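A short write-up of the structure that comes next.
None of the figures in this text is laboratory data; all of them are computed from the coordinates on show. On a predicted model such as this, the values are computed, not experimentally measured, just so you know. Positions of Cβ are backbone-derived with ideal geometry, glycine not excepted, and every protein chain shown enters the neighbour counts.
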Amino acid sequence: MGKWMNPDLTRSLEPLHHDACGWARHCCIGSHVDPGDVLQTAYLKVMQGKARPSGNGSLKTWWFGVIRLTAKEEQRRRRFRESLAGKLLRFAPAGEGGARALSRIELDESSRELKAALTQLPTRQSEVLHLVFYQDLSISEAAVIMGVSLGSARTHYERGKARLRELLSHSPDR
Amino acid sequence: MNHEDPTDADLKARFTDLRKAETSGAPSFARTLAASRIREARPRETSSLRWKIGALSAAATLALLVVPRMAEKTPPTSLAKALPVLLPRSADSGRLFPSPLFGESRLPSDSVLPFHLAFPL
């Protein structure tokens with residue numbers, strides 16, 4: 001068992017846990033990666049001292065950035081396992097029967113439609129919309145998490161809103 | 001909050017509903033941390049991946065280094081050795097194209113002798 005490199009930091013992430021769950025879920029939207037796996041790996045990075053806040057920005061923006069990068073790593077890993085090279089190296093299929101609790105949630109029709117519409121948006125657009133509307137962050141905070149400029153984040157936000165409305169207006173219950 | 005546009009209220013309401021539904025079903029912080037600790041204790045798959053990639057790279061590098069040197073040490077086979085000998089090496093075995101002037105004449109021969117060497121049979 002490894003050492004807890006930074007227990008204070010780990011404890012300070014507790015108030016952000018539910019938001020982090022939502023963000024991890026969003027980062028895995030449209031992929032076969034399990035958000036529970038992503039979140040656990042992100043916590044593990046903090047425990048092992050592999051992820052430390054840089055001091056720039058808030059704890060939330062830093063933590064969300066870690067989760068986002070971890071999700072991308074897990075997606076790359078998954079793609080590799082499913083690729084020919086991964087099969088040649090005899091990797092077992094990833095994430096089956098792992099931390100599925102995070103992805104096993106009953107949603108109502110409206111929420112399912114929203115999630116389905118979000119999967120159809122480009123990644124940047126859906127990310128900024130989630131961060132602003134779901135996480136109640138500002139566009140500049142979303143830009144920090146996404147690693148893009150404020151102007152770019154604004155553009156993604158405006159285009160994403162317009163596209164999301166269009167998609168939701170075509171949904172069956174409307 | 002930066003979505004001051006009143007027309008964004010519909011989107012906000014939808015996201016709020018989604019958030020409520022997801023928050024109610026989220027695992028607790030303690031449970032997630034416990035799962036992370038278990039994950040930490042588990043042998044990392046990435047380490048085995050690194051080993052596999054390392055072994056493959058080492059094998060490829062070794063092959064790249066050894067194969068050209070082996071090729072250098074093994075002299076190329078002479079083409080002349082591979083070809084059949086067309087010309088006889090000993091004088092006794094005769095010549096393929098005996099010259100009427102300098103060749104060893106044995107009678108009867110169907111070679112045409114020059115006139116000054118003609119002799120009656």
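Report the net charge of residues surrounding B:L33, where surrounding means a beta-carbon distance below 11 angstrom and charges are Lys +1, Arg +1, Asp -1, Glu -1.
In short, +2.
For labels at B:H116 and B:I38 in the simple 7 Å Cα→Cβ model, what's the distance in nm?
Each label point is offset 7 Å from its Cα along the Cβ direction, giving 11.5 nm.
With the crude spin-label approximation of a point 7 Å out along Cα→Cβ, what separation in nm comes out for A:D108 versus A:L150?
3.7
Kindly provide the trypsin sites (Lys or Arg not before Pro) of region A:1-81 that DSSP labels as loop, not H, G, I, E or B, and whose Cβ sees at most 13 other Cβ atoms within 10 Å.
Sites meeting the loop and neighbour criteria: A:K3, A:K50.
Under a plain spin-label model, where a point goes 7 Å from the Cα along Cα-to-Cβ, how far apart in nm are A:A85 and B:A21?
Between A:A85 and B:A21, the simple spin-label model gives 3.9 nm.
Hey, which of these cross-link pairs are over 20 Å Cα-Cα: A:K115/B:K12; A:K50/B:K20; A:K72/B:K12?
The pairs that break the limit, which is 20 Å between Cα atoms, are A:K50/B:K20; A:K72/B:K12.
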